[in-house]
1. Could you check the simple spin-label distance between residue A:20 and residue B:259, using points 7 Å along Cα→Cβ, in nm with one decimal?
2. Taking every residue in B:227-234, how many Cβ atoms of other protein chains lie within 10 Å of its Cβ, on average?
3. How large is log10 of I(q)/I(0) for region B:156-264 at q = 0.11, 0.16 Å⁻¹ when the intensity is taken from the Debye formula with one equal scatterer per alpha-carbon?
4. Could you please tell me the mean projected area of the C-alpha convex hull for region B:87-286, averaged over all directions and given in square nanometres to one decimal?
5. Give the relative contact order (percent, whole number) for region A:101-216; include only Cα pairs under 8 Å separated by 6+ residues.
6. Ignore the peptide's own chain and count Cβ atoms of other chains within 10 Å of each Cβ in B:96-106; give me the average, rounded.
7. In what order do B:193, B:119, A:357 fall by count of nearby beta-carbon atoms within 10 Å, going from fewest to most?
8. Order of B:95, A:109 from fewest to most other C-beta atoms within 10 Å?
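Bear in mind these aren't lab numbers, they're just calculated from the coordinates by the rules spelled out. What you see is a predicted model; the values in this text were computed from it and never measured. Note that we place each Cβ from the backbone using ideal geometry, even for glycine, and neighbour counts take in every protein chain shown.
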């Protein structure tokens, strides 16, 4: 669509009739040299021809066009297309995007519930980029089960945020797929956002019979450990033994907890991982560790204390050796053991620990307002047409100058 | 790209061919009877031998040099210096009207040719340029050196950009008694240049006039016409009627000039725009007028030209 930056300049087009009238009048005539002027004495003078009231010089059209081009150039013409960057929001499932100004699902996230780790807290945010309030229906599904279906009232330019708790999924794949969908009251589709909650799923873990009660309690505290009755269903095997674990390849990751301990340390254990990879808890002084020298061969030390490794990680086969005395009542009395076991389990299984969170955002959120910042719609795409118009005026004026007024028609 | 000089077409081979053609067409007749050394004997019968030339049909067989013809195995005739040879004065108008009307290039070509051809026929020539006064002149003579001097003068000549006038009578002091005068001009004067022609004819041994017609200026619409020589201006409406009136005024001027030339005995050759210069030279020197234009049923001739191009002397 053609737009004008300064349309007031178009009033200059009113001068075109004046240009025509001026060409009807006798302007400064061309001066032409002739070899003999006496030969032209028989010609009539312009006054005698009555030219003043006659038709205008046909060259007035060319000059009026030049004037019109200059006036239009002053009015700053531009072609205005759709707003730049306003690609419709594409839902995560690839379906068609909702109308640009309709409510959309801005975010969808899930994390373990702080009060009940065996449950997930699901947070969903619905944004309304339009100016009018809207009440779309929000539908949340986890796998095949519908968790929520309720209308949400979102003010114009506002965001609605809701939370819901549900049990952790027990399996990965489709069963762990969390889907949030919006349905408009007038029948439109507000888009869908999907989230994979498999990293937060419950784990099937085989726990060895020799593991003490502190370990079992700590595992239950994580809220996501199911003691597997069958070996085939296990995600992880935990074994407590005084002997070092076998180095043979295993089908599932193994967590080997050393039994027995020596003297208590007087210094805290230190993580050897980079700060961004280290867990947020610490093993204070007073820990005990088993003396299993065979476990020191190879592997990556995760935790060390008193110049000796306390936790060693092996990649092939995937296993972690814990030399800390997990049966120590002093260790089990604090919060470190559940957190340590939860972190080790998540590291071995590739899942998220108790403080982990997974979230999904729309890939393109140009139309989605950010609650923390005011809504600023992108300016429309504007192609300035002043230069082409000026170029046309320049060409016309060059033609006029080259012709010197000899060409009386355009 | 600069324009081609007018004299580029007037080269030596074409001039020599033209001179041979004129000599052949004259067939022994004198080019003119002027000059101070008039002699009743016909051409090529003098005593001062110059050289041989090829025999041309119409030559007197007594002039054949049989020994030279035997050596060359082609008939040749002896050529003697024409004891009736005269002096030719070529007057070229370089007033501003010659440039404004586009008559300058053909006038320059004709001056160069008319300075060469009589020289080849044994005459002496001299070239002078004039406008309101005598602007430049060459020394008279014959032979290659004299012609090159005259050609150099013509090559360096340019018409006046403005002002001045066409006054050939200013050249009267240059004229020797009995000298043949060739005047090349557009004759664009209200008096048709007749008083000037009378003075020139009286001062010399004969006057010939080549009127180089100028293309009418393409005027259209209201214009201020300015005379390129006098600077006078006239505001006029250059419509079809005005153009017709100007053409009729030019025709009346031509008629008056022709009548005056006929009265003064001045041969007149009118050169139309675009006419080849060599054809004009032949037509002028041989006095072969072109046929008259057909008369209209009312008895009036066409507006242009209104008179034969060459008025016999």
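1. Those two pseudo-labels are separated by 5.3 nm.
2. Mean partner-chain Cβ count within 10 Å for B:227-234: 5.
3. -0.44, -0.84
4. Mean projected area of the Cα convex hull: 10.6 nm².
5. The value is 27 percent.
6. 2
7. Numbers: B:193 27, B:119 22, A:357 14.
Final ranking by Cβ density, sparse to dense: A:357, B:119, B:193.
8. A:109, B:95
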